[in-house]
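Participant: I'd like to ask some things about the structure below.
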Amino acid sequence: LELIVLPEFFATGYQFTSIDEVADLSEPIPDGNTTKALSDLSKEKGIYIVAGLPEKEGDKFYNSAVFTGPEGFIGSYRKTHLFFEEKLYFSPGDTGFRVWDTPIGKIGIMICFDWFFPESARSLALMGAEVIAHPANLVLPFCPDAMPVRCLENRVYAITANRTGTEEREEGKALTFIGKSEIVSPKAEILVRAGEDEEALMIVDIDPKTASDKSLNPFNDILKDRREDIYEG
């Protein structure tokens, strides 16, 4: 069985010029055409897919990701930490972080800028995630080098699917995406990483169950050793 991770807003592009454009390109989940198409593809090929898309619910819009599998639609997640001009059009996510127990492992999702907040990956790890799917449209340079830290401190796999190239929907507002999609192991090993300017399809065999072991040695477990009585905030 395979898991495919696609970028944030994979079918629409990242930049929007008006709320009307957001409304036209957003769709309900799971009844929208994009989610249905991904669900049908998952059923046909017997695969799992995580993909980012703009979601419409009532008069609100969310930066969301859907999770589909051989059984069809599995679930969705709404981005918790909005970045830059996303705040002009989208509402902060209200789903909370989620983990799904599947035949290919326990899969959690965070979207792009969520990575910047250690609580995101830690929340997913505490919920039992073995693999974090990470659709992204990264423009800041830090994430590719930070994800090995997120994986090490939580002993999880992470799959970051980013974009390349430049998008300029309005003059003077160009965004250049950094590429460097990558798959990282629970030991902070970069199993594969794409280049900055190249499109790539990267395939890696992993055993998600190895992420269930949170011990560093016979005396230390990274989750059990947390001092919640000391931490604040």
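Participant: Which value at 222 nm does the chain reach when only helices count, each DSSP H run of 4 or more adding -39,500 (n - 2.57), with the total divided by all residues and rounded to the nearest 500 deg cm²/dmol?
Facilitator: -5500 deg cm²/dmol
Participant: In the chain, what percentage of the DSSP-assigned beta bridges are antiparallel, given to the nearest 5?
Facilitator: Within the chain, antiparallel bridges account for around 70 percent of the total.
Participant: Please determine, in degrees from 0 to 90 and to the nearest 10, the orientation of helix 33-45 with respect to the longest principal axis defined by the Cα atoms of the chain, where the helix direction is its Cα long axis.
Facilitator: 50
Participant: What is the fewest-to-most order of Leu223, Leu3 by other Cβ atoms lying within 10 Å of their Cβ?
Facilitator: Least to most surrounded, the residues fall as Leu223, Leu3.
Participant: Same structure, new question: Roughly what angle does helix 143-154 make with the longest principal axis of the chain, taking Cα atoms, 0 to 90 degrees, to the nearest 10?
Facilitator: On a 0 to 90 degree scale, this one is about 40.
Participant: Let me ask you something else. What's the magnitude of the charge dipole for the chain around its Cα centre, counting Lys and Arg as +1 and Asp and Glu as -1 at the beta-carbon? Answer in Debye, nearest 20.
Facilitator: 680
Participant: Report, in listed order, any pair from Lys180/Lys209; Lys60/Lys224; Lys60/Lys187; Lys45/Lys224 with a Cα-Cα distance greater than 28 Å.
Facilitator: Too far apart for the 28 Å limit: Lys60/Lys224; Lys60/Lys187; Lys45/Lys224.
Participant: Would you mind checking which residues have amide H under 5 Å from Ile111's amide H? H placed 1.01 Å from N; only 5 or more apart, or other chain.
Facilitator: HN-HN under 5 Å from Ile111: Thr80.
Participant: Which of Trp100, Pro70, Ala211 sits farthest toward the positive end of the charge dipole of the chain, with +1 on the Cβ of Lys and Arg and -1 on the Cβ of Asp and Glu?
Facilitator: The one lying farthest along the dipole's positive direction is Ala211.
Participant: Pick from Glu71, Glu171, Glu182: which is most flexible by mean-square fluctuation in a GNM of the chain where alpha carbon atoms under 10 Å apart are linked?
Facilitator: In the Gaussian network model the winner is Glu171.
Participant: So what J values fall out for the range 162-178 if you push phi through Karplus, 6.51 cos²θ - 1.76 cosθ + 1.60 with θ = phi - 60°, rounded to Hz, Gly and Pro as x?
Facilitator: Each residue's phi maps through the Karplus curve to give 10, 9, 10, x, 10, 10, 9, 7, 10, 4, x, 10, 6, 10, 10, 8, 8 Hz.
Every read-out reported here was derived from the displayed coordinates using simple, explicitly stated rules and does not represent laboratory data. Quick caveat: nothing in here was measured; it's all calculated off a predicted structure. Note that we place each Cβ from the backbone using ideal geometry, even for glycine, and neighbour counts take in every protein chain shown.
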